[in-house]
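Q: Input: one structure, supplied below.
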């Protein structure tokens, strides 16, 4: 079942159900886009029509953010639980190792994807990592579509992965996936994962479980990364105001 928050479709799935959907995608004859919308992404989608259109075309959009669960309740809808991108990457890698599927890690800060790959290889010895690349510089072409160096695109195609994790940051990664998935014939699941490589590689610390359960991860991020305050305010102040505005009929959703 899908619900809508600020006009963006979100799949009402648990972690287990999301993984089951991805398992099914892996045996289907076409590629599937898996996105992990959070409050900050939904705010950006209101500002960028192309990004909004991209999110609406996800084959699976999991609720990565406690704010989405709150927004669903406020509008009389329901999301069963939060499905974080980092946890889903780990689950998908475990699935890939078990079922003999290959993965490619693309994006992240310089060297982080390789570090994440090393961690995943150690954790899942049977996992076959078909390739790793930081993706180089991601730029927008004249049509507003994110592009990377053609040699990197060819590297991915030559590696023939079943699963592609893309970490270009929200907006760029989803738009790049949608523009390029059809050019990667072996890829059955392409997933936008934001900063998941940083967490997997141990370069960023996740909030303690008790803070996660209290939905106070934003406070943890603010303490560790105060320079992210603008992004945190977007998720904790701007997003709730937009949701309330929509609920009261003050804000129009396209």
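Q: List the residues of the stretch 71-107 whose backbone N lies under 17 Å from a point placed 7 Å from the Cα of residue 128 along the Cα-to-Cβ direction.
A: 93-105
Q: Classify the stretch 122-191 as rounded, prolate or oblate, taking a ≥ b ≥ c as the square roots of the eigenvalues of its Cα gyration tensor: rounded when a/c is under 1.5, otherwise prolate if a/b is larger than b/c and oblate if not.
A: Details: a/c = 1.93, a/b = 1.76, b/c = 1.10.
Here the stretch 122-191 falls in the prolate category.
Q: Moving to a separate point now. If I stretch the segment between residue 4 and residue 154 completely, what's the gain in nm (0.36 nm per residue apart, minus their alpha carbon distance), one decimal? Don't skip to the answer; put the middle values down first.
A: Working: separation 150, 0.36 × 150 = 54.00 nm, distance 3.63 nm.
Length gained, residue 4 through residue 154: 50.4 nm.
Q: Ok, one more. Run lengths n ≥ 4 of DSSP H only: what is the helix-derived mean residue ellipticity at 222 nm for the chain, with -39500 (n - 2.57) per run over all residues, to the nearest 500?
A: Values: 13 runs with 115 residues, N = 254.
My calculation for the chain gives -12500 deg cm²/dmol from helical runs alone.
Q: Okay, moving on. Taking the 0 to 90 degree range and rounding to the nearest ten, how far is the long axis of helix 85-99 tilted relative to the main principal axis of the chain, both from C-alpha atoms?
A: It works out to around 30 degrees.
Q: Once both labels are modelled 7 Å past Cα along the beta-carbon direction, what's the residue 119-residue 75 spacing in nm?
A: In this crude spin-label approximation the distance works out to 3.3 nm.
Q: In the set [x] 19.6, 75; [y] 17.6, 53; [z] 18.1, 61, which value of Rg and Dmax of the Cα atoms in Å was calculated from the structure you see?
A: Here Rg and Dmax of the Cα atoms in Å agrees with entry [y].
Q: Continuing with the same structure: Could I have the simple spin-label model distance between residue 16 and residue 94, label points 7 Å from Cα toward Cβ, reported in nm to one decimal?
A: Distance between label points: 1.2 nm.
Q: Among 134-143, 176-185, 118-127, how do they line up from the highest to the lowest mean number of other beta-carbon atoms within 10 Å?
A: The densest-packed peptide leads the list: 176-185, 118-127, 134-143.
Read the figures in this text as sums done on the coordinates, not as results from a lab. As the structure is a prediction and not an experimental result, all values here were calculated from the model. Every residue, glycine as well, gets a Cβ built from its backbone with ideal geometry; the counts of neighbours run over all protein chains shown.
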